[in-house]
Structures are given as C-alpha cells and as structure tokens.
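Take a look at the structure below.
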Amino acid sequence: MGLGLSFPLFNRFQRELQISQRRSSHETAKAQTADARRLVAASLTTQLAALGAAEERITTTQANLDAARALVRVQLERYRIGSLDIDLLSRAQETLNNAESEAVRARFDYVLAKAEIEAVIGRTL
C-alpha cells in the first residue's frame, strides 16, 4: 500500500497563460461595456434632439395651420361677396389641407421621438 502526492513545480507557464487570458477577457468586457454605455448616451442625445425638433415643428405647423384657416375664412368671405374666383378659394383650401396634414405629421414625429426615447431608457415618460 502506498500513498502518492503530486505537486507540479513547473507547469510550462499554464497558470501564467490562464491569468493573462482572463485578464485580457476582463479588459475586453470592460471596453465593451463602456462602448455600450457610450452608444446608449449618443442614441439618447440624438433622440432628445429629435424630440426638441419635433416640439418646435409642432409649434410652427400650428402657426401655419392658424394662418391657413384665417386665409380660408377671408377667401370664403371674399368669394361670398363675389370679389374672388373659385380657383383662389380652392387654392386657399388646398393650403389649409396641406397645413393640416403637416400638423398631423409633426405630432406623429413627436410621438415617434418620444417612443424612441422610452425604448432607449426602458421606461415610459
């Protein structure tokens, strides 16, 4: 009966190789995490700028819509009293229709930008 014990004093630098590989993996993971954070921050910055632009566009399109409505009212009254042709009235109404569709698109862009921000941060605003 015998008892044996094996303790390698020299393992051909396997231990040092494993330490080096794990250190490299750790540094790579840290770099990937930092890249992901920068990507999220850049995306959030972009979406916040888009949200601000959409808010400004809503304000602008609302002013255009108010002006187009006023123009239609004026042109309709001028048409009613006979000092305006039908083609000018129809152009004013077309301008109003375009302003309304732009206002809808501006509100949609705002909602879309808000949804994208919510997706980036992972919660509702």
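One table, with the values for the structure above:
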item: Test: residue in the stretch 1-14 that is part of a helix (DSSP H, G or I) and farther than 19 Å from ILE121 by Cβ; result: yes
item: Single condition SER43 does not satisfy, out of (1) within 30 Å of ILE121 (Cα to Cα); (2) modelled with pLDDT of 95 or more; (3) surrounded by 11 or more Cβ atoms within 10 Å (Cβ to Cβ); (4) of a type in the set (Ser, Thr, Tyr); result: (2)
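The values are calculated or read from the model by the stated rules, or taken from the named source; none is laboratory data. All values derive from a computational prediction rather than experimental measurement. All Cβ positions, glycine included, derive from the backbone under ideal geometry; neighbour counts span all protein chains shown.
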